[in-house]
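Q: Okay, handing you the structure first.
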Amino acid sequence: MTVLGSATKLPNTRTAGVPAQRLDLRSQEAPERIVRPVMLQRWDHLSFFHWPCDPAAVQRRLPPGLEVDTFDGAAWIGLIPFRLTVRVPGVPRLPWVSTCPEINVRTYVRGPDGRRGIWFFSLEASRLGAVLTARSWYRLPYMWSRMWLDRERDTVWYQSRRRWPGPNHPRASIGVRLGPAVAPEAITPLERFLMGRWRLYSQAGEGLATTRVDHPPWPVRRATVVSLHQELMAAAGLPEPDGDPVAHFSGGVEVRFERRELLLPGE
């Protein structure tokens, strides 16, 4: 369980007071634009919290065929809360059905195809229908949770308590204060490593599948943690994070998903 009480000040840039700027993180294996997406999503009010971790501890939690991706010798675990909106191309959004808060716990990997991507340990969401669909179609470990997201000017609050599956019901309660925009020239190699990701891996029977995504460059701000209590990493069998996270915030992007692709062994 991670608990941060008092506000934790993270490094800021000299760009205080300027509007959020769009940072092109596509140098991290930039994808081609997905012209015929099978699913469209909108991600809003995202906070990114990342901790370094022992690569061996993360590798033990990965399925065969995935290798932990490291930066300066460390694996990285991400806790990402946000608001999700989903729709199918050609079908309008349904505000209540299509939109819900989400919190995912993830790490960064290299797949059997040699590409860099994301592996999800868990994804909390408040819409049971979306949870069941994602678990059955994409084999993603979605969990049905009671969730809440609120923004008060430059402070965003997230809360979650898992409902299903049980028997445990891990919680998360997070507050983050928005900091200055990250100027294009100030983006760091670590930030590119953490946020410049354009594919995810998921289970497919005894093997793996990959899904490409494409979205505009992130509008990124660095952030200050106001409070952070989370039990989701322990519930996923991960080590307790050590110290304060590296924190960022983004207002959001529109995302296109390509059709899921099965990977052959060794591919």
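The values are calculated or read from the model by the stated rules, or taken from the named source; none is laboratory data. Only a predicted model underlies this, so the values are computations on that prediction, with no experimental measurement involved. Glycine also receives a Cβ, built like all others from the backbone with ideal geometry; neighbour counts cover every protein chain displayed.
Q: Among the residues of the range 100-119, write down those that are over 11 Å from MET143 (Cβ atoms), in contact (Cβ under 8 Å) with a residue 40 or more places away in the chain and not small (Gly, Ala, Ser).
A: Selection gives CYS100, PRO101, THR107, TYR108, VAL109, ARG110, PRO112, ASP113, ARG115, ARG116, ILE118, TRP119.
Q: Further question on the same structure: Identify, from the list ALA125, ALA134, ALA130, ALA172, the residue that is without any contact (Cβ under 8 Å) to a residue 12 or more places away in the chain and hydrophobic (A, V, I, L, M, F, W, C).
A: Matching residue, one of ALA125, ALA134, ALA130, ALA172: ALA134.
Q: Now for a different question. Looking at the range 211-239, which of its residues are among the hydroxyl-bearing types (Ser, Thr, Tyr) and buried (at least 17 other Cβ atoms within 10 Å of the Cβ)?
A: Within the range 211-239, THR211, THR224 qualify.
Q: Output yes when any residue across the range 140-155 is in contact (Cβ under 8 Å) with a residue 60 or more places away in the chain, part of a strand (DSSP E or B), touching a Gly at 6+ places or on another chain (Cβ under 9 Å) and buried (at least 19 other Cβ atoms within 10 Å of the Cβ), and no when none is.
A: no
Q: Additional query: Of the residues that make up the range 194-202, is at least one assigned to a strand (DSSP E or B), in contact with a Gly (Cβ under 6 Å, 6 or more places away or on another chain) and under 18 Å from ILE103 (Cβ atoms)?
A: Checking the range 194-202: at least one residue is assigned to a strand (DSSP E or B), in contact with a Gly (Cβ under 6 Å, 6 or more places away or on another chain) and under 18 Å from ILE103 (Cβ atoms).
Q: Among the residues of the range 73-90, which ones are modelled with pLDDT under 95 and charged (D, E, K, R)?
A: Within the range 73-90, just ARG87 meets the criteria.
Q: Just to be sure, is ARG93 modelled with pLDDT under 95 and of a type outside the set (Gly, Ala, Ser)?
A: Yes.
Q: Looking at the range 232-267, which of its residues are among the acidic types (Asp, Glu) and in contact with an Asp or Glu (Cβ under 7 Å, 6 or more places away or on another chain)?
A: The answer is GLU267, and nothing else.
Q: In the range 62-71, which residue that is under 16 Å from PRO141 (Cβ atoms) and surrounded by fewer than 17 Cβ atoms within 10 Å (Cβ to Cβ) is farthest from the chain's Cα centre (by Cα)?
A: PRO63
Q: How about the range 236-267: which of its residues are over 27 Å from PRO112 (Cβ atoms) and outside any strand (DSSP E or B)?
A: Matches in the range 236-267: GLU240, PRO241, ASP242, GLY243, ASP244, PRO245.
Q: Hey, any hits in the range 197-209 for a residue that's within 29 Å of GLU152 (Cα to Cα), surrounded by fewer than 20 Cβ atoms within 10 Å (Cβ to Cβ), touching a residue at least 60 places away in the same chain (Cβ under 8 Å) and not charged (D, E, K, R)?
A: no
Q: Turning to a different aspect of this structure: Is there a residue in the range 223-231 that is modelled with pLDDT of 95 or more and in a loop (DSSP other than H, G, I, E, B)?
A: yes
Q: Could you please find all residues in the range 29-58 being in contact with a Lys or Arg (Cβ under 9 Å, 6 or more places away or on another chain), of a type in the set (A, V, I, L, M) and touching a residue at least 24 places away in the same chain (Cβ under 8 Å)?
A: Those that are in contact with a Lys or Arg (Cβ under 9 Å, 6 or more places away or on another chain), of a type in the set (A, V, I, L, M) and touching a residue at least 24 places away in the same chain (Cβ under 8 Å): ILE34, VAL38, MET39, LEU40, LEU46.
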